[in-house]
1. Quick one: if you stick a label point 7 Å off each Cα along the C-beta vector at Thr80 and Ser249, how many nm between them?
2. Could you name the aspartates and glutamates in cross-link range of Lys316, using Cα to Cα under 12 Å and dropping any fewer than eight places away on the same chain?
3. Taking every DSSP beta bridge with both residues inside the chain, roughly what % is antiparallel (nearest 5)?
4. Given a cut-off of under 8 Å on Cα pairs at least six residues apart, what relative contact order in percent is computed for the chain?
5. Mind checking the stretch 4-65 for GluC sites (Glu not before Pro) that DSSP puts in a loop (not H, G, I, E or B) and that have at most 15 other Cβ atoms within 10 Å?
6. Arg302 to Leu140: extension gain in nm, 0.36 nm per residue of separation minus the Cα-Cα distance?
7. Hey, got the dipole for the stretch 96-189? About the Cα centre, +1 on K and R Cβ, -1 on D and E Cβ, debye to the nearest 20?
8. Excluding residues on the same chain fewer than 8 positions from Lys24, give the aspartates and glutamates whose Cα lies under 12 Å from its Cα.
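Every read-out reported here was derived from the displayed coordinates using simple, explicitly stated rules and does not represent laboratory data. All values reported here derive from a predicted model rather than from experimental measurement. Here the Cβ positions follow ideal geometry from the backbone for every residue, glycine too, while neighbour counts run over all protein chains shown.
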Amino acid sequence: MDTMYWEDNTLFLLDQTKLPIEVKYVKLKTYEEVAEAIVSMKVRGAPAIGAAAAYGMVLGVMGYRNDQNLEVYLKNVYETLKNTRPTAVNLFWALDRMWKKYLEVKNQTFEEIANALLNEANSIFYEDIELNKKIGAYGLEVVPENASILTHCNAGALATAGYGTALGVVRAAFEAGKLRKVFADETRPLLQGARLTAFELLEDGIDVTLICDNMAGYVMSLGLVDLVVVGADRVTANGDVANKIGTYSLAILAKEHGIPFYVAAPYSTIDLNLTSGQDIPIEERNPDEVRKIGDRLIAPPRVKVFNPAFDVTPAKYITGIITDRGIVRPPYKENIKKLFGGK
Ligand SMILES: CSC[C@H]1O[C@H](OP(=O)(O)O)[C@H](O)[C@@H]1O
């Protein structure tokens, strides 16, 4: 199942807010529609957000009406897409890559510019699938035989252009016959684990058991988890990791139980501009996401809510970072620079 695909100058996007009940693709023909899809999380997951934004830049160019300076107009498209969500660095990495491509071809004909940007968006999309398969291949090294893996949120094909990062490791282990089962945290408040990871793994015939987030510690204490593998929205130069809210707690639980805790991420999620996780902007979302499950109110409507969508796991809790260029282990600052310094 594709997270998105491009056809007839249209971005067809799987509306993930409808999953797992309904598999529905929305047709996006403007950059504003792409921006709305990112904000409302019809598309979500760091690499998927980046790819969608890249296609948003293409739709922006195709919507140009020659009524103003093209560069001024396109910069506005870039800023609109950039301002959708603040934490996943892949969004900014993809937009900057598209802008760089525009600057390379800006003196060519309009049609050549549009084609160049579409080619770049396609490159971002298809490259991501290859990056994830490399992550899966490297990740095999850390998966024991007959492994039980616990994961959080959804860092699968639905969070990327395909195959997944954390679930890329799960898929590679499954394909290699090393996987016994997966425990999937439901991941309140938006339930990406229950709605997306459970759906995705069942579709692939992978043994998955859904648990509430507050059950993870007990499941670990029963000796049912061999390792934890999660995704990332941003990895800083010292190895700190921003990921879905609840990841930090999981990392501390894993440390307490002596369970290896791995983060899976492509190079496009590494942000060398930030020295530590303290610098990562953490998105706070609509309080009703916590007060409700879907449309059903589960708390007093007037109750105050704090709804950070991500947290930061300090590098000291991370056993290794599984990337498309190999597994990065401590000392992270030195080893991340060695592997990604030239990006
Ligand atoms: C492979 S990146 C997936 C990453 O993105 C998710 O956040 P969201 O669903 O809010 O976009 C979560 O942090 C996942 O680990």
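1. Going by the 7 Å Cα→Cβ label model, 3.8 nm.
2. Within the straight-line cut-off, Lys316 pairs with Asp240.
3. The antiparallel proportion sits near 50 percent.
4. Computed value for the chain: 16 percent relative contact order.
5. Details: sites: Glu7, Glu22, Glu32, Glu33, Glu36; in loops: Glu22.
Of the GluC sites (Glu not before Pro), the ones in loops of the stretch 4-65 whose Cβ has at most 15 other Cβ atoms within 10 Å are Glu22.
6. Values: separation 162, 0.36 × 162 = 58.32 nm, distance 4.80 nm.
Residue separation times 0.36 nm, minus the Cα-Cα distance, leaves 53.5 nm.
7. In debye, rounded to 20, the stretch 96-189 gives about 280.
8. Asp2, Asp15
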